[in-house]
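Read through the structure below, which is laid out as structure tokens, and then see the notes.
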Amino acid sequence: MAPHEIRRPFKRRPISDQQKRRELSLLRQTQHRSDAQQRARNLASSVISLQSSSPDVDPEILSEAVPELDEGTESESSNFDVRQASRLRGPEARKWFARQLMLPEWMIDVPDNLSQDWYVLARPAGKRCFVVSSDGTTVSRVRNGSILHHFPSALPGGARKKGASGPANSYSILDCIFHESDQTYYVIDMVCWRGYSLYECTAEFRFFWMQSKLAETGACDPPSFYHKFRFSAVPFYNCDQSGLHSAYTGSLPYVKDGLLFYNKHAHYHTGNTPLVLIWKDESCSQYVIDTDNNGEVPNQQHIVLELQEEGKLVTSDDPPVPFSCLNADFVKQSGLSSGSLIRFAIGDGGLKCVDGRFEKADLQYTGVSNRARAFADSYSKIMFQYMARHSPLKVEDLASTISHENQQDKPPEVEMSD
Amino acid sequence: MAMEVTQLLINAQSIDGTVRKHAEESLKQFQEQNLAGFLLSLAGELANDEKPVDSRKLAGLVLKNALDAKEQHRKYELVQRWLALDMSTKSQIRAFLLKTLSAPVPDVRSTASQVIAKVAGIELPQKQWPELIVSLLSNIHQLPAHVKQATLETLGYLCEEVSPDVVEQEHVNKILTAVVQGMNAAEGNNDVRLAATRALYMALGFAQANFNNDMERDYIMRVVCEATLSPEVKIRQAAFECLVSIASTYYEKLAHYMQDIFNITAKAVREDDESVALQAIEFWSSICDEEIDILEEYGGEFAGDSDVPCFYFTKQALPGLVPLLLETLLKQEEDQDLDEGAWNIAMAGGTCLGLVARAVGDDIVPHVMPFIEEKISKPDWREREAATYAFGSILEGPSADKLMAIVNAALTFMLNALTNDPSNHVKDTTAWTLGRIFEFLHGSTIETPIITQANCQQIITVLIQSMNDAPNVAEKACGALYFLAQGYEDIGPNSPLTPFFQEIIQSLLAVAHREDATESRLRTAAYEALNEVVRCSTDETSTMVLQLVPVIMLELHNTLEGEKLSLDEREKQNELQGLLCGCLQVIIQKLGSEPTKSAFMQYADQMMGLFLRVFGCRSATAHEEAMLAIGALAYAAGPNFAKYMPEFYKYLEMGLQNFEEYQVCAVTVGVVGDICRALEDKILPYCDGIMTQLLKDLSSNQLHRSVKPPIFSCFGDIALAIGEDFDKYWRYSMPMLQSAAELSAHSSGADDEMTEYTNSLRNGILEAYSGIFQGFKNSPKTQLLIPFAPHILQFLDSIYMEKDMDEVVMKTAIGVLGDLADTLGSHVGGLIQQSVSSKEFLNECLSSEDHTIKEAAEWAKHAITRAISV
């Protein structure tokens, strides 16, 4: 039995850097694993919250349930399970569905790096809607939440047909435009596919996925008994000269209504976003300038603003842009209350801008807005409409921005003197 | 036959290779053909006094190796084979062994002692050879000295081999009585006394009951203390070893003896042979270890109900102990900083002083300061070094408030000494002390910073200069820079190091390239500092970190080009590859997310190519580092990582097959998880191979057990990635999970280490369940899981009832309850309602202070509400 060694570490760290790296890796892996689980669970947890909004629920849960746009947690609330949401009725459903769509801002100036970072596509004319396939059926809802069609489709889980496209209770959500004349759903974005959320994916990825997955299911096939409407992926282009040209002038099977610009790196962000832009002119859209209920362009531009506390009038943006104020007596007299959507005409004084930012408007009260309206107008819409009437952003402006960008990429020309 | 064995054993030690090889093969053949005969003739050889000593010793050794092995599975096989032998063979072997204890040759007796202990290690737990202890102890007093010595030695080995719970208390008492009597001063024979003292060291773990009895404890302690005064140095050393072991095993029983022990140890430290003095210092180091642990568990507050109270022995001993340790600091050896293996009284004393500072905190400062002040400027380097070391060693323990003024006053002095002191020894310790200043008194938690705008430049300049000093000094300077950078870990967007960043990186690279960089671990220290500087860097310097990527890649590339290296050169090359892969790993983690990600990813292809070549070098360390780096890269690359899979896959598989170097296997399992999250369902084509390997790993008894929990977690990662496609593996993985769950539900309690392992196993199993449930969600294949629900709920209930789960398990477990409810819904509503987990356990988690547990519990609650309401 020999004596026992008792050497202790001397002037050295007890943990080697290698051990530290190992531990940091483990920590990172643990964190990512728990994030991945959290994501998987979230997909379901909002189901639970929403379902609890039946009468017998704990009010505490209910308050967490309503997804709120103003909070920084959109990504979580947007993981809401649509199959449950389809059971919603009435205003609750309208509100919820309206909030699930990504709403483009209107293009009031040209973003940087169009040719590098953006896609362009020709927006089909028609109703923007949310198509949800689940539990053997497919439902499309327009922006205000009301049902457009209820039908069987070849989308995953979209029809009661055995062995078709995956498990019966897997579901998909598509962002579409329904084009009346050829009765086709043109898909402009993919939000969930076979139960997997694409909210957190870049547009680049979603578009790629949309093009490759949609065809696989047979959803692009002509209508049949189990597939009432045809789906079609809208072609998209890199927003360089030729892409812009193709989208703007190219011949497509549908009637165009302006151009949509998608930032490639943007996630599916519900509500208004500056990372998707809509632009229109007379030659690619019938509806550049808003029409009234009779389909005619009114003499004056009409806008809808939301009334807030103390008479403040704001846009639907987040944060809202204040436009004007109503005096308290008038509010009282007209029976308006905070939250009301109010219609105004823009008078001859027009909109005054300083350094490209809105400063003052000449507004004329015309009345309370149509009840079908869920939101006020956005700032960019008001500005775009105003510009369209006065000094529109032309397609040439877009093209020249792009060509300018390209020139910058080239090495500068050297001028020799003498 | 017997004749033959003698010759074989002698031939097996022949210097002639052919003869030796032939003999070894014959022995092996003999063993395979007739194990009983083989073992019996070995025992006979060992016992036969007429045989040559060499063949007897080797016979004993071969016999011992036929009973035990290092690898668990081999050991298990050997044990089973021994137990299967017929009783008469075993009895004869036992008799031969006991007889050998009376052999006149000491080595032969000692070999027999060890073999007896091995046999006892197998048989006593099986209640076989029950008469062994009694027969060893009967008439021990009448035995001739050499037999008594061998018997005591046997008892010592026996205590080392056998767990205390298989020996009856009556036998324990007899063993201890014999041993302690053998140690007594009345024992005239030194060999006997030494054997008894060493046997006591082994037997201390058996003495729990005896240490609880005041009289018996007093007796043991008295005999041990007396033995420390024996005229024989080996006995004194062995007696102090006993005291060291008692310090940690019976800390709470020592109050009564501390005054005497202090006197004995002080005398030994000052006057005795170094081998004894080192043990005496180690006694105090062990006491400090205990008190540091106890005080850490109190969290700084005395809690009346804690198991072992702190007796503050160190604090009480301070006035005598500190001067004693300070004296040792002056006994440095000239070249101790150059010799990796050095360990001497000055080093032991210095280490102990550092532990004392941690155990007593502020109180140590006034005891040490006069020594430092008196000696720090003395002409003799020994005094300056000792003073500097003393200063460095008290920097951990006392509060920042207590130290701040002293450190601020000393900083300039230290920087000056590091530049100008003529002694290498003093500079080494000064650089180390600066490192400790930065480690403990610099960082976001310190209110008034030591490093300011005024002195930052000077500090960095001095450290960088010292990197050109001798390798041992340069190594410590790199270490100091490591902690300097670490202190700015959470500095925010602007780091004071930014202006110096480029210079620091350049200098560290230059140090790493010094020709003598392999001395004193200098190169390792340089890369470690580089890593920490990168880890703690801010966005301001990310372009410079990015520029480092091609530099490190080129270096790694160069290591792969070397040809025809000697074994030693290859080893150094592999070590360097490990360091460079480690460095790249740190950089990947730093740059692999936006906004630097896209610029960084341009190097990904090349980097991956290099890592794959590193795998080709077949060095465990480099392999592990490259694998970790790839895990980080996979996370950065996301789904794009798919393009590397065809080439990378075989190394992944190789890693999973590496049982021997289990660290490699463990990190590979972790990387599989990374890849699952990066590729999601694109990993599917590789899953058959991966799952096959993981299942093999789990059923192997060769693989280190620590790898098994992460393998279960990895099942979860895979299931989450491929969703319902996991149904292919469900048939194999569920039963494995189930049996592991059963095992881990009740197997805890033995000791802290076992409880910790059990909890990590539970966590792995639960993570697997979570991943599988979430992966199967919304698929008709959830049907497959329904039959497992009762078992899983039972598992959750049982770990709740055991009351020994840690917080990690608690969170995972309550999450699984939610996952089960979420995925299986109304199918299991009734079952869930019957489970304890859904009531008491859930409520406990809901009121947890740990918000991650609470969050998981709230989620589970919602999921359950839904499952039972539908």
Exercise for review: Consider B:LYS839 carefully, then state whether it is basic (Lys, Arg), away from every other protein chain (no Cβ under 14 Å) and part of a helix (DSSP H, G or I).
Suggested key: yes
Practice item. Given the conditions (1) out of contact with any Ser or Thr (no Cβ under 9 Å at 6 or more places or on another chain); (2) among the hydrophobic types (A, V, I, L, M, F, W, C); (3) under 25 Å from B:GLN316 (Cβ atoms), report the number of the one that B:PHE391 does not fulfil. Key: (1)
Exercise for review: Select from segment B:812-836 the residues that are within 10 Å of chain A (Cβ to nearest Cβ) and polar (S, T, N, Q) and write down the one among them that is farthest from B:THR852 (Cα to Cα).
Suggested key: B:THR823
Practice item. Residue by residue through segment B:510-526, note down the ones that are of a type outside the set (A, V, I, L, M) and within 14 Å of chain A (Cβ to nearest Cβ). Key: B:SER520, B:ARG521, B:ARG523, B:THR524
Review point. If we scan segment B:240-248, do we find a residue that is modelled with pLDDT under 95 and either surrounded by fewer than 15 Cβ atoms within 10 Å (Cβ to Cβ) or closer than 30 Å to B:ASP751 by Cα (or both)?
Key: yes
Practice item. Tell me which residues, restricted to segment A:298-349, are aromatic (Phe, Trp, Tyr) and free of Cβ contacts under 8 Å to residues at least 40 places away in the same chain. Key: A:PHE330
Practice item. Determine whether segment B:527-546 contains at least one residue that is open to solvent by 80 Å² or more (accessible area, probe 1.4 Å), within 14 Å of another protein chain (Cβ to nearest Cβ) and touching a helix residue (DSSP H, G or I) at 6+ places or on another chain (Cβ under 8 Å). Key: no
**Study point:** Enumeration of residues in segment A:139-168 that are surrounded by 19 or more Cβ atoms within 10 Å (Cβ to Cβ), among the polar types (S, T, N, Q) and either farther than 20 Å from A:GLU180 by Cβ or at pLDDT below 85 (or both)
**Key:** A:SER165
Review point. Going by the structure shown, is B:LEU8 over 40 Å from the mean Cα position of the chain (by Cα), modelled with pLDDT under 95, buried (at least 19 other Cβ atoms within 10 Å of the Cβ) and more than 30 Å from B:HIS704 (Cβ to Cβ)?
Key: yes
Review point. If the Cβ limit is 7 Å and pairs must be 6+ apart or interchain, which residue in segment A:227-243 that is more than 20 Å from A:SER115 (Cβ to Cβ) pairs with which residue that is basic (Lys, Arg)?
Key: none
Practice item. Using the structure shown, decide if B:LEU58 is at pLDDT 95 or above, in a helix (DSSP H, G or I) and open to solvent by less than 50 Å² (accessible area, probe 1.4 Å). Key: no
Review point. So which of B:ASN34, B:ASN65 is closer than 21 Å to B:SER113 by Cβ and among the polar types (S, T, N, Q)?
Key: B:ASN65
Study note, to complete from the structure: The number of residues in segment B:177-219 that are within 33 Å of the chain's Cα centre (by Cα) and within 23 Å of B:ALA145 (Cβ to Cβ) is 11
Practice item. Output yes when any residue across segment A:365-375 is open to solvent by 70 Å² or more (accessible area, probe 1.4 Å), farther than 26 Å from A:ASP240 by Cβ and of a type in the set (Ser, Thr, Tyr), and no when none is. Key: yes
Review point. Among all residue pairs at least 6 apart or on different chains, which show Cβ distances below 7 Å where the first residue, located in segment A:18-41, is within 23 Å of A:SER197 (Cβ to Cβ) and within 7 Å of chain B (Cβ to nearest Cβ) and the second is of a type in the set (Lys, Arg) and open to solvent by 40 Å² or more (accessible area, probe 1.4 Å)?
Key: A:HIS32/B:ARG677; A:ALA36/B:ARG677
**Study point:** For B:PRO595: the one exception among (1) open to solvent by 10 Å² or more (accessible area, probe 1.4 Å); (2) within 14 Å of chain A (Cβ to nearest Cβ); (3) in a helix (DSSP H, G or I); (4) of a type outside the set (Ser, Thr, Tyr)
**Key:** (3)
Point to revise | Pairs, first touching a residue at least 60 places away in the same chain (Cβ under 8 Å) in segment B:244-255, second open to solvent by 10 Å² or more (accessible area, probe 1.4 Å), C-beta under 7 Å, six or more apart | key: B:TYR251/B:GLU290; B:TYR251/B:VAL308
Revision key, fill the gap. Residues of segment B:552-578 being farther than 13 Å from B:ALA622 by Cα, crowded, with 18+ Cβ neighbours inside 10 Å and of a type in the set (S, T, N, Q), in sequence order, are none
Study note, to complete from the structure: Out of (1) among the hydrophobic types (A, V, I, L, M, F, W, C); (2) closer than 23 Å to A:THR30 by Cα; (3) within 13 Å of chain A (Cβ to nearest Cβ), the one B:ILE868 does not meet is (2)
Point to revise | Subset of segment B:326-340 [within 14 Å of another protein chain (Cβ to nearest Cβ) and either crowded, with 22+ Cβ neighbours inside 10 Å or touching an Asp or Glu at 6+ places or on another chain (Cβ under 7 Å) (or both)] | key: B:THR328, B:LEU329, B:GLN332, B:ASP337
Check your understanding: For segment B:708-791, which fully contained helices (runs of 4 or more DSSP H) count at least 2 residues that are under 24 Å from B:SER835 (Cβ atoms) and within 11 Å of another protein chain (Cβ to nearest Cβ)?
Key -> B:708-722, B:752-776
Check your understanding: Hey, B:PHE641 hits all of (1) away from chain A (no Cβ under 12 Å); (2) surrounded by fewer than 22 Cβ atoms within 10 Å (Cβ to Cβ); (3) farther than 22 Å from B:GLY578 by Cβ but one; which does it fall short on?
Key -> (2)
Exercise for review: Return yes when B:ILE376 is free of Cβ contacts under 8 Å to residues at least 24 places away in the same chain, hydrophobic (A, V, I, L, M, F, W, C), assigned by the TED database to the domain that holds B:LEU325 and over 21 Å from B:GLU274 (Cβ atoms) and no when it is not.
Suggested key: no
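Every residue, every condition in (1) away from every other protein chain (no Cβ under 14 Å); (2) open to solvent by 30 Å² or more (accessible area, probe 1.4 Å); (3) under 30 Å from A:ALA36 (Cβ atoms), yes or no:
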{"position": "A:ARG194", "(1), (2), (3)": "no, yes, yes"}
{"position": "A:ALA203", "(1), (2), (3)": "yes, no, yes"}
{"position": "A:ARG206", "(1), (2), (3)": "no, no, yes"}
{"position": "A:CYS220", "(1), (2), (3)": "yes, yes, no"}
{"position": "A:TYR237", "(1), (2), (3)": "yes, yes, no"}
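The values are calculated or read from the model by the stated rules, or taken from the named source; none is laboratory data. This one's a predicted model, so the numbers in the text were calculated from it and none came from an experiment. Quick reminder, even Gly has a Cβ in these numbers, built from the backbone with ideal geometry, and neighbours come from all protein chains shown. Just so you know, the surface numbers come from the protein's heavy atoms only, side chains and all, with ligands and any DNA or RNA stripped out. Shrake-Rupley method; radii C 1.70, N 1.55, O 1.52, S 1.80 Å.
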